[in-house]
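Each remark here refers to the structure printed beneath this line.
The values are calculated or read from the model by the stated rules, or taken from the named source; none is laboratory data. Everything quoted here is computed from the prediction, not taken from an experiment. Every residue, glycine among them, receives a Cβ derived from its backbone with ideal geometry; neighbour counts consider all protein chains shown. Quick note on the areas: whole protein, heavy atoms, side chains included, nothing else; ligands and nucleic acids left out. Shrake-Rupley method; radii C 1.70, N 1.55, O 1.52, S 1.80 Å.
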Amino acid sequence: MQKKVFIQSNNRQLFGATLASFAIKKYSPGVEVEIINVDELPQFKAFANVSYLFNESEERVYDTKDLQSFTLSRFMPPELMAFSGRAVVIDPDIFALSDINKLLESDMAGASILACPKKSSWDSSVMLLDCAKLLH
């Protein structure tokens, strides 16, 4: 099974993303890591100042200067992996302290996404994706 870790970032958070990548590679031999830097992607530059639905009732305008402008990139890994295998998607301030293979090989019990619950939603700063189930 193909597996990969994607670290979301922008130029302002690139140092943290690089450290996160180093930690994953140190503790998880053989795991491929890719940093998605939205400041380098034309589709994100073209999306600047465009409105989008943030949640069921809140509309936002995409701002390339936002510290977390990378947030929307968390939906890219299934396509980047040709809708196969598993991906872990993390924010640039998440650091591995042990082997991430355990997470990549977790029993997903048929789910397409695993994330931690928050008070009123889901914490998407660390997600496990079954890319084959995320064709939509």
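Summed over segment 40-70, the residues that are over 17 Å from the mean Cα position of the chain (by Cα), of a type in the set (A, V, I, L, M, F, W, C) and surrounded by fewer than 11 Cβ atoms within 10 Å (Cβ to Cβ) give a count of 3. Here is the figure for segment 4-39: residues that are open to solvent by 60 Å² or more (accessible area, probe 1.4 Å) and part of a loop (DSSP other than H, G, I, E, B) total 2.
The set of residues from segment 71-84 being open to solvent by 30 Å² or more (accessible area, probe 1.4 Å) and polar (S, T, N, Q) comprises Thr71, Ser84. Among the residues of segment 85-127, the one identified as open to solvent by 50 Å² or more (accessible area, probe 1.4 Å), under 16 Å from Val31 (Cα atoms) and small (Gly, Ala, Ser) is Ser98. Within the set Leu128, Leu103, Leu72, the sole residue that is part of a strand (DSSP E or B) and in contact with a strand residue (DSSP E or B) (Cβ under 8 Å, 6 or more places away or on another chain) turns out to be Leu128.
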